1. What percentage of the solvent-accessible surface of segment 1-61, computed with a 1.4 Å probe over protein heavy atoms, is contributed by carbon and sulfur atoms?
2. Residue-wise, which Karplus ³J(HN,Hα) couplings in Hz belong to segment 44-61, taking 6.51 cos²θ - 1.76 cosθ + 1.60, θ = phi - 60°, and x for glycine or proline?
3. If you put +1 on each Lys and Arg Cβ and -1 on each Asp and Glu Cβ, how big is the dipole of segment 171-280 around its Cα centre, in Debye rounded to 20?
4. Could you provide, to the nearest whole Å², the per residue accessible area of the chain with probe 1.4 Å?
5. Stretched out fully, how many nm does the piece from Ala208 to Asp85 gain, at 0.36 nm a residue minus the Cα gap?
6. Rounded to the nearest 20 debye, what is the charge dipole size of the chain about its Cα centre when +1 sits on each Lys and Arg Cβ and -1 on each Asp and Glu Cβ?
7. For Arg155, what residues show an amide H to amide H distance below 5 Å, using hydrogens built from the backbone and excluding near sequence neighbours?
8. Go through Thr40, His177, Ser23 and say which Cα lies farthest out towards the positive end of the charge dipole of the chain; charges sit on Cβ, +1 for Lys and Arg, -1 for Asp and Glu.
Amino acid sequence: MRIDPAFDQVANQYLESLTHLHSANNGHDLPVCQICLGPTRTKKDSLEHWKVCWPCRQHQSAPGINPEELANTVGFITYALEHADGSADQSLRDMYQYKQLPPGQSVRQGISESGQRIRTLLYVTLRDNLPLLARTVGPVEVITHVPSTSSRPGRDRGALADALDSAVDHIYDIAPHQRLLTSTSDRPGSPRAIDPSRFSVTDPTAVAGRHVLLVEDTWVTGASVQSAAVSLHRAGARQVTVVCIARMLKAKWTDGAYLTSQYATLRPPRPGSVVFQVGE
């Protein structure tokens, strides 16, 4: 893999300085969903946790959805926490703020400070994990992202694409990033339910028979990115791998107290961190 050595050094040093991050990789050995790394409930009359959380089980049994149409592999970089009083930790603030346009501007000029942190996380993750994917599930042939469905004023709907473009631009021999999904957010339906009609694939020939890496910024229930994964599979994608920057946690989730109470002890991601739990 060919990289820009000067940018690579800066990215590594910058990542090392981000002490507020909490890795979503399960090095903490706490019981989490084997799909989304979120908290799981305990089984009735038992201290044993379910291996898959309730929202992910709902995705697998959603009407009209074949479970094989969901993402084949899912990886997460960090956790992001909403505290019990509703305030956000720094990771969650970044996920909110990187799309926020400066007052009076309709188009962002350059990547914001929070966007630079997201760009660094994406760059290091792609650099360190694409070779692993190539060895285990096959090389990534197309990179795309989940488009924003927000219509709120003052939001930069291209912020994720810009951060991803900047990350990919510093790795010279990987698959290109293409804007292959468009949002059809005017369609009715629950945002928590799988609905592949939320997204359309602009060029099915670009994904047909290929391994697609699908990038999302924040996973709450996973319904949005899984809907996009189904759309890509139905357009002919051979494999859909999801990388999500932040897995959101909420301290008010009663069933997740065992995980959020240990949040401060979770180590930060560092260069070389493995995001995808796939066998060699």
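The values are calculated or read from the model by the stated rules, or taken from the named source; none is laboratory data. Quick caveat, the model's predicted, so the values are computed rather than measured. Glycine also receives a Cβ, built like all others from the backbone with ideal geometry; neighbour counts cover every protein chain displayed. Calculation scope for accessible area: heavy atoms of the full protein, side chains included, ligands and nucleic acids excluded. Shrake-Rupley method; radii C 1.70, N 1.55, O 1.52, S 1.80 Å.
1. Here it works out to 52 percent.
2. Using θ = phi - 60°, the values come out as 4, 6, 8, 8, 7, 8, 5, 7, 10, 6, 4, x, 5, 5, 5, 4, 5, 10 Hz.
3. Numbers: 12 positive and 8 negative charges, 42 e Å.
Taking the Cα centre of segment 171-280 as origin, the dipole is about 200 debye.
4. So the chain comes to 46 Å² accessible per residue, rounded to a whole number.
5. 39.7 nm
6. Dipole magnitude for the chain comes out near 560 debye.
7. Leu101
8. Projecting each Cα onto the dipole axis, the largest value belongs to Thr40.
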